[in-house]
């Protein structure tokens with residue numbers, strides 16, 4: 001609750017910056033948690049396997065017809081119990097990961113997701129100019145509504161992450177080069193997928209041609 005209150009008041013661009021910092025800490029926790037989780041799953045499988053073999057062994061003891069396979073079952077049970085003991089020993093020696101980074105990351109992601117949903121809801125009621133320019137008004141067809149919502153989510157997610165305030169351009173000023181250019185290019189590519197689903201390929205093509213023309217002219 002304290003984390004949520006703390007992050008709910010931050011601007012989205014600051015929240016995204018904080019997310020990058022927290023993600024590094026959470027990554028360290030995951031590097032410990034993943035092998036530990038795999039080993040815990042293996043131990044659970046071995047316990048279940050040993051329990052089944054033990055049950056079969058008890059049944060065979062009192063069943064003359066099944067006594068012929070008793071040796072194989074007991075051998076399998078001994079192997080399973082040895083593997084189980086070794087795995088439990090290995091688990092006891094493994095470090096136990098913290099979860100503060102992962103919990104913080106989950107809170108940040110939840111706050112950002114809520115803001116994207118609020119932006120989509122607001123856009124449905126009164127689409128801002130940068131939405132209608134790229135996607136038009138929200139359609140009445142159910143399938144196209146989903147595509148429109150995906151497009152809005154893509155735009156608003158990018159705007160959140162990069163602190164875009166421009167009301168005319170969905171992704172703000174044209175990025176010139178480097179990492180920011182690549183991120184903007186990828187966001188535009190995903191937006192074009194929504195535009196195609198909405199039947200706005202020509203609009204997307206015209207927008208792309210204008211950007212390319214400006215790039216050639218510089």
List every residue pair whose Cβ atoms lie under 6 Å apart, where the two residues are 6 or more positions apart in sequence or sit on different chains, the first residue falls within segment 150-164 and is closer than 15 Å to residue 111 by Cβ, and the second residue, located anywhere, is in a helix (DSSP H, G or I). 156/116; 156/119; 157/116; 160/12; 161/16
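Examine segment 7-23 for a residue that is part of a helix (DSSP H, G or I) and either more than 30 Å from residue 155 (Cα to Cα) or touching a strand residue (DSSP E or B) at 6+ places or on another chain (Cβ under 8 Å) (or both), and state whether such a residue exists. Even if it seems obvious, please write down each step before you answer.
Going through segment 7-23, the residues part of a helix (DSSP H, G or I) turn out to be 7-8, 12-23.
Going one step further and asking which of them are either more than 30 Å from residue 155 (Cα to Cα) or touching a strand residue (DSSP E or B) at 6+ places or on another chain (Cβ under 8 Å) (or both), we end up with none.
No, segment 7-23 has no match at all.
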Any residue in segment 93-102 that is over 18 Å from the mean Cα position of the chain (by Cα), touching a residue at least 24 places away in the same chain (Cβ under 8 Å) and farther than 30 Å from residue 41 by Cβ? no
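Applying the selection to segment 156-184, what residues are assigned to a helix (DSSP H, G or I) and either over 18 Å from the mean Cα position of the chain (by Cα) or surrounded by fewer than 16 Cβ atoms within 10 Å (Cβ to Cβ) (or both)? Don't jump to the end; show me each part of the working.
At the first step, the residues of segment 156-184 found to be assigned to a helix (DSSP H, G or I) are 156-162, 178-184.
Matches in segment 156-184: 159, 162, 178, 179, 180, 181, 182, 183, 184.
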Among the candidates 77, 112, which residue alone is out of contact with any strand residue (DSSP E or B) (no Cβ under 7 Å at 6 or more places or on another chain) and not assigned by TED's automatic domain parsing to the domain that holds residue 49? 112
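Yes or no: residue 134 over 30 Å from residue 4 (Cα atoms), surrounded by 14 or more Cβ atoms within 10 Å (Cβ to Cβ) and touching a residue at least 60 places away in the same chain (Cβ under 8 Å)?
On the way: over 30 Å from residue 4 (Cα atoms): yes; surrounded by 14 or more Cβ atoms within 10 Å (Cβ to Cβ): yes; touching a residue at least 60 places away in the same chain (Cβ under 8 Å): yes.
In short, yes.
The values are calculated or read from the model by the stated rules, or taken from the named source; none is laboratory data. Here the structure is a predicted model, which is why all the values come from computation and not from measurement. Methodologically, a virtual Cβ is constructed for each residue, glycine included, from the backbone with ideal geometry; neighbour enumeration extends over all protein chains shown.
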